[in-house]
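The values are calculated or read from the model by the stated rules, or taken from the named source; none is laboratory data. All values reported here derive from a predicted model rather than from experimental measurement. Ideal geometry is used to build each Cβ from the backbone, glycine not excepted, and the neighbour counts take in all protein chains shown. Calculation scope for accessible area: heavy atoms of the full protein, side chains included, ligands and nucleic acids excluded. Shrake-Rupley method; radii C 1.70, N 1.55, O 1.52, S 1.80 Å.
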Amino acid sequence: MAAGLQPFRRPTPRPEGLLGAAAATVGLISIVSALTPSLAARSDLIDGVLPPQVTEGARVGAFLFGVALIWVSRSLAGRRHRAWQAAVMLVIGSAVAHLLKGLDAEEALASALLLGALLRYRDRFDVPGDRSATRQLLLTACPLAAVGTFLALYAGDHLSAREDVEDVAAAAAALLAFRVLYLWLRPLRERVTQSVGQRRRARALIDSHGCDSLAFFALRRDKNYFFAADGSAFLAYRVVGGTALVSGDPIGDSRRFAALVEDFRRAARARGWRIAILGASAAQLPLYRSFGFRALLLGEEAIVHPGTFSLDGRAIRKVRQSVNRLLRGGYHIRILRAPDVDEKLRAELAELSDEWRGRSPERGFTMAMDDFFANPEPVFVVAMGPSGRPDGFLHLVPSPAGQSYSLSAMRRRRASPNGLMEFLVAETIAWAKAEDVPELSLNFCVFSDLLRATSSSKVRAALRLCVLPFDRLFQLRRLLVFNRKFFPEWRPRFLLCERLSDFPLVGLAFLRVESLLTPPGPWKRERGHGLLLPGA
């Protein structure tokens, strides 16, 4: 085992996890009890004392308390203090509701036992809530209070018109109550803030240690930095929906990686965040697994070696034909560093990018830049048409320590001739060969192993069925087919989580951060940037 790595030991159950499971169980008991008849002898006794509206309201309350407890249970397992507060109120309300709806002492006892356990372990719930939700909470609580007051004043009135109003009011109150609960439980958010000093430190570490093809993408403006105690290594991450999404591998002195990951886990737990590693390389899997992370193959990165690449041979004849056809048609390429792109060409590239993107948002987080011109090192490979205007371009970023390049973006005009992208990539590989560039990283193909459908495993077949709808939506197979034309080396990239149960929520956070869930809409070009960014 590498120095500094800790052997993975399966964690023992924690009180907060057990209490979360207990809350879900009590919630389920409440739901079942609310939907089944009470014992006749007990219900007759209650009906003789309380009006039927109270017992019926208590039954509905028991149901809603049960649903809310199930909702709160996961936040309880995450040690959130506000979840503990909500759970205490819910179990008290649940116990009272069970007694009022039919003297259901057994269900009330289960709630009381859970209440005792919550009070016993109250010190375990130390994760703070999101204070930024206070204003939204007040804006939601005010109409909830108004609707609740209306129901309290007019409950029991049997005028048919008013009964319809009460039904609508009750439904509105339930929706508002769950909105309040959502805001109350919302995990602690973190704004993206990069100070000048942090960015300089990150840039220095990328320049000296950035061998990985994803390293340069840590310079995106939508990522926070977490540095090792001595500043010799860092992680780039962003918090989305209570998940700290780490972009790629740690960057810096590899001897500090284990301590860096441990410190980041400690900081994330103090804030109640789950952790996910996006695009981890196979080389760092032992590090993550030593901390108990579970790995899922996210996809494969297409790596071309310019020194051995050739357009000769039958297998690559379609790419060769595209290149020759476009050369005969008067196309050529221009290779420029970002600072060498003049204002006229910059405006043309922005217009071209706007045309290609249409109403879709800019996408990318792990392997795309959010600003084409923020750094001087990226390279533009521009396809100039016979008219003298650009018809397409590639944007490449370096891995400084490895002297390689990664493809950040590829754009073309919609009316450009077929094969333009093949022409651009082939000419870029030829340029890289002349520059003695050892590797050129093309597109990252998500779920490529499943899209190939080469395995007879039933599990993989089921996973493939889940992936195919995303293929139709995001054209995953088309990207895979395009990359295969250049006969690349396929390098696996992994998604890692601490718990298997985290993968669904992490998957949603991943789709959000990559803007894959953002619908088409109005977008504008941000001043000072060479690409089109979301508008306000």
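Before we move on, is Val319 open to solvent by less than 10 Å² (accessible area, probe 1.4 Å), outside any strand (DSSP E or B) and in contact (Cβ under 8 Å) with a residue 24 or more places away in the chain? Spelling it out, Val319 is indeed open to solvent by less than 10 Å² (accessible area, probe 1.4 Å), outside any strand (DSSP E or B) and in contact (Cβ under 8 Å) with a residue 24 or more places away in the chain.
Return a yes/no flag: does segment 376-388 have any residue that is over 22 Å from Ala434 (Cβ atoms) and either hydroxyl-bearing (Ser, Thr, Tyr) or touching a strand residue (DSSP E or B) at 6+ places or on another chain (Cβ under 6 Å) (or both). Yes, there is a match, as at least one residue in segment 376-388 is over 22 Å from Ala434 (Cβ atoms) and either hydroxyl-bearing (Ser, Thr, Tyr) or touching a strand residue (DSSP E or B) at 6+ places or on another chain (Cβ under 6 Å) (or both). Without any contact (Cβ under 8 Å) to a residue 40 or more places away in the chain, more than 25 Å from the chain's Cα centre (by Cα) and either loosely packed, with under 14 Cβ neighbours inside 10 Å or at positive phi (or both): is that true of Ser387 in this structure? Yes, satisfied. Out of the residues in segment 96-125 that are in contact (Cβ under 8 Å) with a residue 60 or more places away in the chain and open to solvent by 20 Å² or more (accessible area, probe 1.4 Å), state the one that is nearest to Arg265 (Cα to Cα). If we take residues in segment 96-125 being in contact (Cβ under 8 Å) with a residue 60 or more places away in the chain and open to solvent by 20 Å² or more (accessible area, probe 1.4 Å), then Arg124 is nearest to Arg265 (Cα to Cα). Pairing residues of segment 178-190 that are within 17 Å of Gly66 (Cβ to Cβ) with residues that are open to solvent by less than 60 Å² (accessible area, probe 1.4 Å) and not small (Gly, Ala, Ser), at Cβ distances under 7 Å and at least 6 apart in sequence or on separate chains, gives Leu185/Val72; Leu185/Arg80; Leu185/Arg82. Remark: pairs (first residue in segment 78-95, closer than 15 Å to Ala21 by Cα and open to solvent by 20 Å² or more (accessible area, probe 1.4 Å); second residue charged (D, E, K, R) and part of a loop (DSSP other than H, G, I, E, B); Cβ separation under 7 Å; 6+ apart in sequence or on different chains) = Arg79/Asp126.
Would you say Thr428 is closer than 18 Å to Arg220 by Cα, open to solvent by less than 40 Å² (accessible area, probe 1.4 Å) and not aromatic (Phe, Trp, Tyr)? It is false that Thr428 is closer than 18 Å to Arg220 by Cα, open to solvent by less than 40 Å² (accessible area, probe 1.4 Å) and not aromatic (Phe, Trp, Tyr). Here Leu113 fits the description: modelled with pLDDT of 90 or more and not acidic (Asp, Glu). Considering Leu480, Leu450, Leu465, the condition of being under 31 Å from the mean Cα position of the chain (by Cα), surrounded by fewer than 18 Cβ atoms within 10 Å (Cβ to Cβ) and either assigned to a helix (DSSP H, G or I) or at pLDDT below 90 (or both) is satisfied by Leu465 alone. Annotation: of all residues in segment 135-147 being under 14 Å from Tyr182 (Cβ atoms) and of a type outside the set (A, V, I, L, M, F, W, C), the one that is surrounded by the most Cβ atoms within 10 Å (Cβ to Cβ) is Thr140. Can you find even one residue in segment 401-417 that is among the polar types (S, T, N, Q) and within 26 Å of the chain's Cα centre (by Cα)? Checked segment 401-417: at least one residue is among the polar types (S, T, N, Q) and within 26 Å of the chain's Cα centre (by Cα).
If you check Asp207, Asp263 for being over 17 Å from the mean Cα position of the chain (by Cα), closer than 26 Å to Leu442 by Cα and acidic (Asp, Glu), only one passes: Asp207.
Scanning segment 338-352 for residues that are free of Cβ contacts under 8 Å to residues at least 24 places away in the same chain, acidic (Asp, Glu) and part of a helix (DSSP H, G or I) yields Asp340, Glu343, Glu351. Can you tell which of Ala409, Ala374 is among the hydrophobic types (A, V, I, L, M, F, W, C), under 25 Å from Arg203 (Cβ atoms), at pLDDT 80 or above and surrounded by fewer than 17 Cβ atoms within 10 Å (Cβ to Cβ)? So the residue among Ala409, Ala374 that is among the hydrophobic types (A, V, I, L, M, F, W, C), under 25 Å from Arg203 (Cβ atoms), at pLDDT 80 or above and surrounded by fewer than 17 Cβ atoms within 10 Å (Cβ to Cβ) is Ala374. You will find that of Leu505, Leu516, the residue that is in contact with a Phe, Trp or Tyr (Cβ under 7 Å, 6 or more places away or on another chain), open to solvent by 40 Å² or more (accessible area, probe 1.4 Å) and either modelled with pLDDT under 90 or assigned to a loop (DSSP other than H, G, I, E, B) (or both) is Leu516 and no other.
Selection of segment 289-307 for residues being closer than 20 Å to Pro504 by Cβ and either free of Cβ contacts under 8 Å to residues at least 40 places away in the same chain or out of contact with any helix residue (DSSP H, G or I) (no Cβ under 7 Å at 6 or more places or on another chain) (or both) yields Gly292, Phe293, Leu298.
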